[in-house]
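I have placed the structure first, in the form of structure tokens, so that the comments after it can refer back to it.
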Amino acid sequence: MKKFAVVAAMATALLGSTAVHAADVEVIHWWTSGGEQAAVSVFAREFDALGEDKWVDTAIAGGENARAATLQRILGGDAPGAAQFNPGRQYEELISGGMLLDLTPLAESEGWANFIRPASISEACLVDGHWWCVPVNIHSWNWAWASIPAFAKAGVELPTSFDDFLAKAPKLKEAGIIPFAIGGESWQINGAFGVIQTSMLGLADREKILKDKDVELAKSLMPNVFTKFREFKQFADEGSANRNWNDTTNLVVTDQAGIQVMGDWARGEFGVAGKVAGTDYACLALPIDHPTVSTGGDIFLFPKQTDAAVEAAQLKMASMMVNPQVQALFNNAKGSMPIRDDVDMSLADDCMKKGLEIIKDPANIAVDAGRWLSNDTTGQMNDLVAQFWADDSMTVDAAVEQYVNILATAE
Ligand code: GAL
């Protein structure tokens, strides 16, 4: 049972049951870095400004931790009012179990199907004709963030490809720069691995492997990906083990590291640090010779509640999140792209504009692997790639054999 805000309870007592009573909506998310906090504060402020209801913030560091806590709370009968997930299969059991507020009437009244794009984003929430969640942004993994001063200090130009980076990395090292910044968490390592996989295989073969589970194709193409990935390890730093993503990004922000392969949520960190794209740092859309955008990002879902006031507040929150003005403010702080085209992006910096240009052509869109892989399969791949990164004694053949087995047994 959700407690009413004190003011609302007093108002109800004074005015009787006819008053519109307020509701607290507890929101679980994992946005704890500087940039993420700046962005989630936009949502909280805009929701509270609607008047009656209140955003109650429950931030849990780490996507895997936050999602596990949310699922535990919902299945334990103590569901929050809203929760963040990545678009895709992470919440398929909540949909099939009928545990979510059906947003379809709201979505149809506001025309979400007409403005939420691209399809790989709307399809993550519009399932079997019902809207079970609200997409709030598009985040792409397919970026490298480069410190312009660090490359200048090493006397080399910004990289024009992964191989060009690997050729220049020794110069960065000689100049006392960490060439390749990466954090030791498995999702970070597997994320960077996935970007290198996309760049080396191209979108079509990547889809045959990850979506169609083409084991034979994986056997022939994945050895080169694992081999290439290991070439980066010599250019990482000793401090990478267990380092979180934003502390790793900070190495590039402060010109201590050359590049980080990371989703464009990293842009939010440059933003809060007052860094300017094109001057202080470069956002390299990957692969550099044929830039793509992966359609990751974030959605919010609204577990069913027993309190009608909370349900009304949930609907107001969902509507607020797709509002064009809120979309502009939130995405510029978050470093992500808006889920609709009719948003004033005059505030957007060169990196955001670059992404918005790339995403216009469907041929440049790499569907995020989370659409195709279950939580369990993703977890197995995260663990395998993290083990391969950490353990130099693990051979490419052994890694490929395990990778192929994961594909072969994926649900
Ligand atoms: C992603 C999420 C982003 C970003 C990142 C790091 O899964 O979509 O919003 O915050 O995690 O926490």
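Specify the inter-centroid distance of the stretch 241-284 and the stretch 75-125, based on alpha-carbon positions, in whole Å.
First find each Cα centre; the distance between them is then 31 Å.
At q = 0.17, 0.18, 0.22 Å⁻¹, what log₁₀ I(q)/I(0) does a Debye calculation on the Cα points of the stretch 313-386 give, no solvent, two decimals?
Listed by q, the Debye log ratios stand at -0.84, -0.88, -0.96.
Based on Cβ point charges of +1 for Lys and Arg and -1 for Asp and Glu, what charge dipole magnitude is obtained for the chain about its Cα centre, in debye rounded to the nearest 20?
Working: 31 positive and 54 negative charges, 78 e Å.
Using only the charged Cβ atoms, the result is roughly 380 debye.
Once the mean 1/r over all distinct Cα pairs of the stretch 124-204 is inverted, what Kirkwood radius in angstroms do you read off?
15.5 Å
For a test of the definition: using alpha carbon positions, the gyration tensor, and the 1.5 limit on a/c, classify the stretch 202-316 as rounded, prolate or oblate.
Oblate.
Applying 1/(1 + (r/R0)^6) with R0 = 25 Å to the Cβ-Cβ distance of D383 and T104, what FRET efficiency is obtained, to the nearest 0.05? Mind showing how you got there, number by number?
Details: r = 37 Å, r/R0 = 1.49.
For R0 = 25 Å, the calculated efficiency reads 0.10.
When Rg is the radius of gyration of the Cα atoms in the stretch 169-247 and Rh is its Kirkwood radius, what does Rg/Rh come to?
1.05
Stokes-Einstein D for the stretch 125-279 at 10 °C, 1.306 mPa s, Kirkwood Rh over Cα pairs, in µm²/s?
Estimated diffusion coefficient is 94 µm²/s.
Report the local net charge at A66: Lys and Arg +1, Asp and Glu -1, summed over other residues whose C-beta lies under 15 Å from its C-beta.
-4
Report the far tail of the P(r) of the stretch 227-281, meaning the percent of Cα-Cα pairs longer than 17 Å.
Numbers: 568 of 1485 pairs.
Percentage above 17 Å: 38.
Please tell me which of these pairs span more than 19 angstrom C-alpha to C-alpha: K275/K353; K233/K275; K54/K316; K316/K360; K334/K354?
K233/K275; K316/K360
Residue by residue through the stretch 385-400, what is 3J(HN,Hα) from phi via Karplus (6.51 cos²θ - 1.76 cosθ + 1.60, θ = phi - 60°)? Round to whole Hz and write x for glycine and proline.
Couplings: 5, 5, 5, 4, 5, 7, 10, 5, 7, 6, 7, 4, 4, 5, 5, 5 Hz.
So how strong a dipole does the stretch 108-163 carry about its Cα centre when Lys and Arg Cβ are +1 and Asp and Glu Cβ are -1, to the nearest 20 debye?
300 debye
Report the normalised scattering of the stretch 62-169 as log10 I(q)/I(0) at q = 0.11, 0.12, 0.22 Å⁻¹, calculated by the Debye formula with identical scatterers on the alpha carbons.
Summing over Cα pairs of the stretch 62-169 leads to -0.55, -0.60, -1.20.
Check which residues have an amide H placed less than 5 Å from G297's amide H, if you skip close sequence neighbours.
For G297, whose amide H was placed from the backbone, the distant partners under 5 Å are H139.
Among D344, D255, D53, whose mean-square fluctuation peaks in a Gaussian network model of the chain (Cα, cutoff 10 Å)?
With Cα springs under 10 Å in the chain, the top fluctuation among D344, D255, D53 is at D344.
As an exercise, find the ratio Rg/Rh for the stretch 33-101 from alpha-carbon atoms, using the Kirkwood inverse-distance average for Rh.
0.99
Divide the volume of the convex hull of the Cα atoms of the stretch 280-349 by its number of residues and quote the answer in cubic angstrom per residue.
Considering the Cα atoms of the stretch 280-349, their hull volume per residue is 118 Å³.
Would you mind checking which residues have amide H under 5 Å from N142's amide H? H placed 1.01 Å from N; only 5 or more apart, or other chain.
S294
In vacuum, with every alpha carbon of the chain counted as one equal point scatterer, what does the Debye formula give for log10 I(q)/I(0) at q = 0.10, 0.14 Å⁻¹? Two decimals, please.
Evaluating at q = 0.10, 0.14 Å⁻¹ gives log10 I(q)/I(0) of -0.68, -1.27.
As I understand it, the dipole of the chain uses +1 on the Cβ of Lys and Arg and -1 on the Cβ of Asp and Glu, about the Cα centre. Which of Q234, L217, M317 lies farthest toward its positive end?
Projecting each Cα onto the dipole axis, the largest value belongs to Q234.
Hey, any idea what the orientation-averaged projected area of the convex hull of the stretch 255-411's Cα atoms comes to, in nm²?
It is 13.6 nm².
Quick note: the coordinates plus some simple rules give every number you see, no bench work behind them. Quick caveat, the model's predicted, so the values are computed rather than measured. We place every Cβ from the backbone using ideal geometry, glycine too, and count neighbours over all the protein chains shown.
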